[in-house]
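The values are calculated or read from the model by the stated rules, or taken from the named source; none is laboratory data. Nothing here was measured: the structure is a model prediction, and the numbers come from that model. Neighbour counts are summed over all protein chains in view; Cβ atoms, including those assigned to glycine, are modelled from backbone coordinates with ideal geometry.
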Amino acid sequence: MTQKPLELILARNLMSALSTPAFLVDEGGVLVFYNEAAGTLLGKRFEELGTVGPEEWGSMFGPFDASGEPIPYDELPLVIAVRNGRPAHADFEISSADGERQQVEASAFPILTAHGSRGAIAVFWPAEASNGAGP
Amino acid sequence: MRVKLWGTRGSIPSPGPETIRYGGNTSCVGVTLSDGSMLALDAGTGIRGLGLALAAEPARLHILLTHLHLDHIQGLVFFAPAFRAQTEIVIWGPASPEASLRDRIARYVSAPLSPVEVRELPCDVSFHHCPEAEWEIGPARIRAASVAHRGPTLGYRIDDGDSSLAYIPDHEPALGADLDELDGDWISGLGLARDASLLIHDGQYEDAEYPDHLGWGHSSVSHAISFARRAGADRTLLFHHDPTHTDAQLDQLGRRARERWVELGGEADGLDLAVELAEYELPARAASAASAT
């Protein structure tokens, strides 16, 4: 039986308890989970979608830059975090399942262990939620 | 494969008349493989008895540590084979980015906590971080995987022929997770425990005690039962008894656990509480459940 690495299991458990949209990819860049808040943002629950391979998820909901152009997969924070093992941040626009566009800020960080990379987590902040919110 | 429980208690040794039946020694399980080679799972105070029971031979034995909390290593400096020059001891344990396994163990096996230093042990001792991939000890295939506890912690699976032992003594797989709903590959430790002949698993807390110990790294009895049901092991032993639980309390806890187990469809002899010095012969899984002797 394939067992997910503990670090991904714990990350998923934490993300499940958060009201902040959050996404989880494994070390190969496969989207293995996103939480209910992310599902609300995207207009589709993770259970409806299931795991999504690298490259594929990058274009499912945009994202688009300020001029409306699709952002290359390689430049997405989550991809930078999992490939390069460093945190990344970006502002962009995503398109939900019903076509509605929303501005978000995304921060991603790698999950590194004694045995190497396990994947990465990205947290999204809808633009209106980040205006003046938080510490 | 033959298994003997040398220490079943969690957290701190708990000797005394009220714990005499289930035992007061902390975690240690002796495993004799089919070729006679010897493993010790954890080195709590129970390993002292294991060491005294071993003859001057064998020349080589392996100690597989789940983690380095004191109740899992405290017996190391009282392990008689460690003081025999002809003994080779191979210690396996979790890696940490902070320091090597040897250096982390040496914090305990050194002054002022210990009268001897690691370098003074007469035996030939070596330390190894457990690999992510399966490896072999004698006829057995060993698998280690990180499990949900506090700090770097491993669970082990030992396959010898057609029999298998899963050992996850300190484990809180239900922390932030619904064990009855999640896919199995998202449950900590389940890959180790699946279809084992014998599963030795944390069952430290009564359900009513668990809310006050959320995140401490241990399981309630109900969570242990849920985990065991998902694992589908032939037999499960609830282990790492809370130091405050007397024999009388454990009798009641065990009775309720078995009733719940049977209510959920488990075999009557499929779940029990671990008892110090109990022995089990693990047959091939298809043959029958592990039998206590």
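Remarks
- Sole residue being within 27 Å of B:THR153 (Cα to Cα) and either modelled with pLDDT under 95 or under 11 Å from the mean Cα position of the chain (by Cα) (or both), chosen from A:ILE94, A:ILE121: A:ILE121
- Hits in segment A:31-54 - residues which are of a type in the set (Ser, Thr, Tyr) and either buried (at least 17 other Cβ atoms within 10 Å of the Cβ) or closer than 15 Å to A:THR20 by Cα (or both): A:TYR34, A:THR40
- Residue match in segment B:106-126 (condition: of a type outside the set (Lys, Arg), modelled with pLDDT of 95 or more and within 22 Å of B:ILE168 (Cα to Cα)): no
- Any hit, segment B:180-192, residues being in a helix (DSSP H, G or I), within 12 Å of chain A (Cβ to nearest Cβ) and over 23 Å from A:ALA17 (Cβ atoms): yes
- Selection from segment B:199-226 of residues that are within 16 Å of the chain's Cα centre (by Cα) and buried (at least 23 other Cβ atoms within 10 Å of the Cβ): B:LEU199, B:ILE200, B:HIS201, B:ASP202, B:GLY203, B:GLN204, B:HIS218, B:SER219, B:ALA224
- Single condition A:VAL82 does not satisfy, out of (1) part of a strand (DSSP E or B); (2) crowded, with 18+ Cβ neighbours inside 10 Å: (1)
- B:VAL77 being at pLDDT 95 or above, more than 21 Å from B:ALA193 (Cα to Cα), in a loop (DSSP other than H, G, I, E, B) and of a type outside the set (Phe, Trp, Tyr): no
- Selection within segment B:268-280 - of a type in the set (Asp, Glu) and at pLDDT 95 or above: B:ASP272, B:GLU276, B:GLU279
- Some residue of segment B:195-213 being within 14 Å of chain A (Cβ to nearest Cβ) and of a type in the set (Val, Ile, Thr): no
- Candidate set: segment B:71-89, residues that are touching a residue at least 40 places away in the same chain (Cβ under 8 Å) and among the hydrophobic types (A, V, I, L, M, F, W, C); chosen: the one surrounded by the most Cβ atoms within 10 Å (Cβ to Cβ): B:ALA82
- Of all residues in segment B:45-60, those that are surrounded by fewer than 24 Cβ atoms within 10 Å (Cβ to Cβ) and touching a Leu at 6+ places or on another chain (Cβ under 9 Å) total 2.
- Annotation: B:HIS128 fulfils all but one of (1) more than 10 Å from chain A (Cβ to nearest Cβ); (2) within 30 Å of A:TYR34 (Cβ to Cβ); (3) not charged (D, E, K, R); the unmet one is (2).
- Residues in segment A:1-30 that are crowded, with 21+ Cβ neighbours inside 10 Å, within 15 Å of the chain's Cα centre (by Cα) and in a helix (DSSP H, G or I) were compared, and the one that is nearest to the other protein chains (Cβ to nearest Cβ) is A:ARG12.
- Of all the criteria given as (1) of a type outside the set (Phe, Trp, Tyr); (2) touching a Cys at 6+ places or on another chain (Cβ under 6 Å); (3) not in a strand (DSSP E or B), the one not satisfied by B:HIS245 is (2).
- Residue within segment A:56-68 that is under 23 Å from A:GLN3 (Cα atoms), touching a residue at least 12 places away in the same chain (Cβ under 8 Å) and buried (at least 16 other Cβ atoms within 10 Å of the Cβ) present: yes
- Single residue of segment A:31-55 satisfying the filter (in contact (Cβ under 8 Å) with a residue 40 or more places away in the chain and farther than 28 Å from B:ARG230 by Cα) that is farthest from the other protein chains (Cβ to nearest Cβ): A:GLY43
- Pairs are defined by a Cβ separation below 8 Å, a sequence spacing of at least 6 or placement on different chains, a first member in segment B:220-235 that is assigned to a helix (DSSP H, G or I), and a second member that is modelled with pLDDT of 95 or more and among the polar types (S, T, N, Q); the pairs so defined are B:ALA224/B:THR236; B:PHE227/B:SER219; B:ALA228/B:THR236.
- The set of residues from segment B:24-44 being in a loop (DSSP other than H, G, I, E, B), surrounded by 24 or more Cβ atoms within 10 Å (Cβ to Cβ) and among the polar types (S, T, N, Q) comprises B:ASN25, B:SER27.
- With respect to (1) at pLDDT below 95; (2) away from chain A (no Cβ under 12 Å), the lone exception for B:PRO169 is condition (1).
A quick yes/no check of all residues on (1) more than 12 Å from chain A (Cβ to nearest Cβ); (2) buried (at least 17 other Cβ atoms within 10 Å of the Cβ):
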position: B:PRO97; (1), (2): no, no
position: B:LEU113; (1), (2): yes, no
position: B:GLU136; (1), (2): yes, no
position: B:SER146; (1), (2): no, yes
position: B:HIS149; (1), (2): no, yes
position: B:PRO152; (1), (2): no, yes
position: B:GLY155; (1), (2): no, yes
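- Residues in segment B:160-189 that are farther than 19 Å from B:ILE91 by Cα, acidic (Asp, Glu) and touching a residue at least 12 places away in the same chain (Cβ under 8 Å): 4 in all.
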